[in-house]
1. Can you compute the modelled spin-label distance between residue 39 and residue 249, with each label point 7 Å from Cα toward Cβ, in nm?
2. For the residue pair residue 122 and residue 227, what label-to-label distance in nm results when each label sits 7 Å from Cα along the Cα-to-beta-carbon direction?
3. At 222 nm, what helix-only mean residue ellipticity would the chain give, in deg cm²/dmol to the nearest 500, using -39500 (n - 2.57) for each DSSP H run of four or more?
4. Compute the Rg to Rh ratio over segment 1-142 from the alpha carbon atoms, using the Kirkwood formula for Rh, and round to two decimal places.
5. Separation between the residue 154 and residue 189 pseudo-spin-labels, each 7 Å from Cα along Cα→Cβ, expressed in nm?
6. Classify the chain as rounded, prolate or oblate from the Cα gyration tensor: take a ≥ b ≥ c as the square roots of its eigenvalues, call it rounded if a/c is under 1.5, otherwise prolate when a/b beats b/c and oblate if not.
7. Using alpha carbons only, how many angstrom separate the centre of segment 31-57 from the centre of segment 239-274?
8. Can you give the FRET efficiency to the nearest 0.05 for residue 1 and residue 182, using r as the Cβ-Cβ distance and R₀ = 35 Å?
């Protein structure tokens, strides 16, 4: 099979992995605290690891990772029903990976798909066990049942969920296509941190009885590392200002602390990205054979209209 066909099959697999991540997180958040939701979040991390492995293979083959997803089932239902949906989704993944293994003749990729299938079989067993436990022991009450939350507060939290989801995809893609090890590692670390943020906000909203908005804006995806980092800095500066404006509106002290913590993380990301941008510019100059010092024009400046973002220290004063 030629590389283009293999790439398309692996891109299809990536869409299924992202679908599973979001569906499982939604089901975990709806269950609140406890052993089972913790186990489901662990399964979603396994799926994200698969997503990463598949992207790496696609890039190695010369293709572009697929940051789209198949549609997750986010409809509301009793926990036992949700777990049965997850059992079925795992079966769909197992069947698809097996079909792809039959079509692909690259032994390295076949070995990877076999490894993923092993995980999916174990996930399916767990979801089946969770469903049986709920069916036998009774369905838990939904998180935040009867609690009222203002439309504005829900908008603030969902703004954060959508932003964090967007940058997870953006930073992962920038990590996948990076040709510098430090850049790759730092972008992946930032994406992991943004996943934590999405989890904190998603759980917070679910605790208030509302399902998070698991949609995202269009991420900036390119193979130009300088352009990528400029876009990353711009989106971090924008959300830092947004969180700073939102915090005084929030009366819930716990949520205030969450937003402030996330905002300070975003400032850190922006500072790291600025350092990486200067390094990426230097690599570009060396690649062109240009040994001259950077001109004032090439210095990193905030995009036109960007907010004046304070430092972490000034925000804490």
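Where a number appears in this text, it was derived from the coordinates with a stated rule and is not lab data. Just so you know, these numbers come straight off a predicted model, no measurement behind them. Virtual Cβ from ideal backbone geometry, glycine too; neighbours counted across all protein chains shown.
1. So the label points at residue 39 and residue 249 sit 4.0 nm apart.
2. 4.1 nm
3. It comes out at -25500 deg cm²/dmol, rounded to the nearest 500.
4. 1.02
5. 3.8 nm
6. Verdict is oblate for the chain.
7. A separation of 26 Å, based on Cα centres.
8. After rounding to 0.05, the efficiency reads 0.50.
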